[in-house]
Amino acid sequence: MARDLGPKCRVCRREGMKLFLKGERCLTEKCAIERRSYPPGEHGRGRIKQSEYLLQLREKQKARRYYGLLENQFRTYYTKAAKGTGVTGETLLRMLETRLDNVVYRLGFAVSRAQARQLVRHGHFQVNGRRVNIPSYQVKPDDIVTVASGSSAEPVIRDATDLTASVAPWLQADHDGLTGKILKWPERDEIDTPVQESLIVELYSK
């Protein structure tokens, strides 16, 4: 499985905001944004000319890194969204939100998307009673996500639920039974991803 193995905190500093890539650490004073709020690199504290292209690129990079995708993966999602019906940007975010690894994270069964991806890859989750080990698996309304019976990761998952303050409104979670349900497709105002998807569409439309 292809993935970005670079330093997570450096990514957050480059985007100038917390992307919560390291779970609980992002909530402490050890977070890199709290300690060094400027971009990484030799010229991190310098003045950067904010061109239209740069703004569009930064939004795309922010969204890609937020969901933990490589460039080709992200572009594939955009291509599918552009071919579908409805608003392209909203469709793109909806597809990203309904990835199984993101749903596991949103349900509170993992402290970060990276941990959720690993748990899914190792076969610790089932969808509608069938074991699924593909992080990009697209869930749909009325799907039931459960922790696989006898999973050795149950203690880790329960620890993650203890840190969960809330669950996305389009999901329903039972942290005691370690099950979750997709109630409906997420609406744009129910997706708290900190990006302006219109800028991503403008970038790829050129």
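The values are calculated or read from the model by the stated rules, or taken from the named source; none is laboratory data. Remember, predicted model here, so these are calculated numbers, not experimental data. Note: ideal-geometry Cβ built from the backbone for every residue, glycine included; neighbour counts use all protein chains shown.
Remarks
- Checking each residue in the range 88-122 for being outside any helix (DSSP H, G or I), in contact with a Lys or Arg (Cβ under 8 Å, 6 or more places away or on another chain) and modelled with pLDDT of 95 or more picks out only THR98.
- Of ARG113, ARG117, ARG131, ARG64, all but one fail to be charged (D, E, K, R), without any contact (Cβ under 8 Å) to a residue 40 or more places away in the chain and surrounded by 18 or more Cβ atoms within 10 Å (Cβ to Cβ); the exception is ARG64.
- Test: residue in the range 147-163 that is within 22 Å of LEU96 (Cα to Cα), loosely packed, with under 15 Cβ neighbours inside 10 Å and outside the structural domain of GLN50 (by TED's automatic domain parsing): no
Per-residue answers, yes or no, for (1) small (Gly, Ala, Ser); (2) within 19 Å of GLN138 (Cα to Cα):
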{"position": "VAL156", "(1), (2)": "no, no"}
{"position": "ALA160", "(1), (2)": "yes, no"}
{"position": "LEU163", "(1), (2)": "no, no"}
{"position": "VAL167", "(1), (2)": "no, yes"}
{"position": "TRP170", "(1), (2)": "no, yes"}
{"position": "HIS175", "(1), (2)": "no, no"}
{"position": "ILE182", "(1), (2)": "no, yes"}
{"position": "TRP185", "(1), (2)": "no, yes"}
{"position": "ASP189", "(1), (2)": "no, no"}
